[in-house]
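No lab work stands behind these numbers, since they all come straight from the coordinates. Given the structure is predicted, the values throughout are model-derived calculations rather than measurements. With ideal geometry, Cβ positions are generated from the backbone for all residues, glycine too; neighbour counts draw on all protein chains shown.
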Amino acid sequence: MKRFAGLLLAAFAAPLATFLSGPLLARALGPEGRGEIAAVASAVVVVTMLASAGSPDAASVSAARYGRPGAGYFRRHKWSLLLSVAAGSVALVVWSKTVLSGSEEAALYMQLAAVALPLLVVTEISRAAARGSKAYASIQAESWVANFGRLALLIVLLILGQLTVLSAGIATLVAAVAGGLFFWAEFTRAKTPQTIPHEMNLTRFEGSYKNKFAAITIVRVLNQRVDQVVMLPLAGSVALGYYAVAISLSQLLPLVAKALRNFTFAKVAQDSTLSATALVSRLASFFTLLAIIGLQIIAEPVIYLLFGHEFTPSVAPLRILLLAAWPLTLVSVWADGLVAISRPGIYGVAEGSALAVNLVLLFVLVPTIGAVGGALACLVAYTISASIALGALKRRSSRPLKDFLIITRDDLRRLRRM
């Protein structure tokens, strides 16, 4: 239970730091500046995940089955990673000179992110491997340093009167690199376990999983970030600023599920009966619904109190995104279950179907109703993805739906024993 509590606190770090820095950025920069930061940050996240192209999932599964891969993972896959990172850096530079040409500071922030992209990709892969190998201390340390380090830098900039879109972006990149040092140090000193297959066989094993997850990674990340990426050209930075505030609050919901996934991934990845997946799913469903009810009650006063009346338009999309957080949380749990039964392709179909619907709705709704349209598109997309994934798990396991959704007293007792 102590280790789980530690992971839960680490899971709180990112959204809690975002929650605390959100009002700071919003009040200092206004809706337009907040929207520009969100536009760059979302594009960087998308490109980072596309450049890693399935490697985080492959490294995580490899670590869960054979132990920490050490720096050998990067050696075995260096050429594919170098090519994808180079392409990602070029994409960020091109995006900064086209879509962000109207904002000099936002464009420069994205160009700096293009330079830092190799370090961001290494951190993403290392974080996934740490989750697979149960390196809980590193997960917690990186989460706290990266997120609260950024918050501390933003506070210093505000006090000095230097908080701008560019300086906030630099603070974000510096904190991310600093947090990644915990993973890089561990990968450097970790020795390859003796129980793994021959290196060539291990390379093939990791490459196979990497290829399986590459397309899934692309559609998954686009599904979760494409709304913020396309909202800038479709509705402008002010609408994106309102939407970014709503997103920052709704991200508080999946915290327990994220901690549960980090804590149980190694077990879930080897459980072909899906009993572990069902348990995590029930717990995640219960705690997420409790959080939705609580945040729905206080949504409007929280916006007014923290961000001011200037961000009143954020209330409506926030209420919709809170509802969308339930299927979003559960589909992340069910994705691990599909990996456990060697059916990651089904998750890819679920995310691909949701992405297609999401893109259509975004281009139809966002130009007319702005942030509310983005939130509605997310709600529909996440529901479609979750429905397909749950249907596949039900067919494969012959379990009733309640086994994945409805918590029992025994579940709470098992959680206390973790």
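Brief remarks on what is shown
- Per-residue 3J(HN,Hα) values for segment 288-294, derived from phi via the Karplus relation 6.51 cos²θ - 1.76 cosθ + 1.60 with θ = phi - 60°, read 5, 5, 4, 5, 4, 4, x Hz in sequence order (x marks Gly and Pro).
- Gain in span if fully extended, residue 208 to residue 164, counting 0.36 nm per residue against the direct Cα distance: 11.4 nm
- Prolate/oblate/rounded label for segment 77-175 (Cα gyration tensor, a/c 1.5): oblate
- For segment 124-129, Karplus couplings with θ = phi - 60° (6.51, -1.76, 1.60), whole Hz, Gly/Pro x: 4, 5, 5, 4, 5, 5
- 3J(HN,Hα) along segment 405-410: 10, 10, 6, 10, 5, 4 Hz, from the Karplus curve 6.51 cos²θ - 1.76 cosθ + 1.60 with θ = phi - 60°, whole Hz, x for Gly and Pro.
- Full-stretch length increase - residue 310, residue 356 - with 0.36 nm per residue and alpha-carbon distance subtracted: 13.2 nm
- The ranking of 36, 310, 142 by Cβ neighbour count inside 10 Å, starting from the fewest, reads 310, 142, 36.
- Using a simple spin-label model with pseudo-atoms 7 Å out from Cα toward Cβ, residue 152 and residue 174 lie 1.1 nm apart.
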